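A short worksheet on the structure shown next.
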Amino acid sequence: MTTYRYKELLAILGSLNLDDKPATIASRLKQWQRMGIPEGVNVGRGKDCEYTEDMVWEVLTINALQKLGIPPDNARRLKAQMVWNMTPGCIEMTTPHGSISIDRARILKAMEAARHD
Amino acid sequence: MKLAIAPEPEPTCTFAEMLPLLASLFDPEPTRITALTGRAKRFMTMGAASCPGRGSVGRYGAGEVRRVLIAMELHQMGLAPEKAIALLNEHDPRFGGSARIGVGSLFSYIDIDMDGLRMAAQQHLPHMFGGAS
């Protein structure tokens with residue numbers, strides 16, 4: 001199973017959030033970690049967390065929703081309660097009067113680039 | 001002698017007239033109407049519509065009703081109220097125009113079904129939304 005290290009996750013977030021400083025992204029990630037995002041991140045002291053693909057996707061989805069102005073708590077609720085349709089290029093959630101879509105292809109590209117750095 | 005023809009006043013509605021429309025779109029449970037009222041009024045004071053102040057009945061035009069609907073729809077999607085109002089001010093989406101509200105991100109978008117909102121508005125407030133606004 002492919003896992004990612006903290007630095008790789010930071011690199012992915014950095015390549016997606018070009019308008020944010022690296023320190024800002026790191027603090028945001030730390031704040032999410034305090035909130036238990038992604039699930040299973042708090043492994044205890046003295047151990048490095050190995051991020052699984054699912055964990056990375058959780059972080060990246062929360063990040064994409066936060067970019068739209070959706071706070072992390074709401075984002076986590078939306079992610080858990082709503083049905084997300086996944087296509088090769090896009091992840092989409094529909095509500096009765098609208099939809100939120102995330103460019104999956106772009107995120108996959110960023111993940112791939114981080115693996116090869 | 002010239003006769004001046006006064007322009008026809010824009011049709012308006014009160015908050016009470018707007019409430020069934022909001023309830024049909026955002027909260028069909030009659031027991032939670034107080035919460036819905038509070039939420040809608042909060043959006044209005046934040047800038048979705050003009051507030052008349054205390055002691056007078058507010059009357060809202062089609063543009064203001066539209067702004068309240070869109071702000072509440074964005075909030076329904078999980079956006080923080082401040083962000084919903086900021087987006088509204090930035091894009092000023094209209095019925096019949098583009099349904100997509102692209103938000104400051106390269107990889108995520110919000111789409112709003114403006115036709116759905118317009119049809120609901122036409123159904124509940126036909127005197128204001130007879131045509132596209």
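So which residues in region A:93-117 are more than 9 Å from chain B (Cβ to nearest Cβ) and of a type in the set (D, E, K, R)?
A:109, A:112, A:115, A:117
Looking at B:57, B:68, which is the one that is within 13 Å of residue B:26 (Cβ to Cβ) and out of contact with any Lys or Arg (no Cβ under 8 Å at 6 or more places or on another chain)? Break it down into steps so the answer makes sense when it comes.
Values: B:57 fails: within 13 Å of residue B:26 (Cβ to Cβ).
The unique qualifying residue is B:68.
Looking only at region A:71-92, filter to residues that are in contact (Cβ under 8 Å) with a residue 12 or more places away in the chain and facing chain B (nearest Cβ under 7 Å); which one of those is nearest to residue A:34 (Cα to Cα)?
A:75
Take the residues of region B:14-39 that are touching a Leu at 6+ places or on another chain (Cβ under 8 Å) and farther than 17 Å from residue B:70 by Cα: which is modelled with the highest pLDDT?
Among those residues, the one meeting the criterion is B:17.
For residues that are within 13 Å of the chain's Cα centre (by Cα) and not in a loop (DSSP other than H, G, I, E, B), scanning just region B:1-16, find the one that is surrounded by the most Cβ atoms within 10 Å (Cβ to Cβ).
The extreme case among them is B:13.
Only helices (runs of 4 or more DSSP H) wholly contained in region B:28-99 count here; list those with 3 or more residues that are in contact with a strand residue (DSSP E or B) (Cβ under 6 Å, 6 or more places away or on another chain) and within 13 Å of chain A (Cβ to nearest Cβ). Walk me through how you get there before you give the answer.
Details: elements: B:33-43, B:62-76, B:81-91.
Helices (runs of 4 or more DSSP H) meeting the threshold: none at all.
The values are calculated or read from the model by the stated rules, or taken from the named source; none is laboratory data. If you're wondering where the values come from, they're calculated on a predicted model, not measured in any experiment. With ideal geometry, Cβ positions are generated from the backbone for all residues, glycine too; neighbour counts draw on all protein chains shown.
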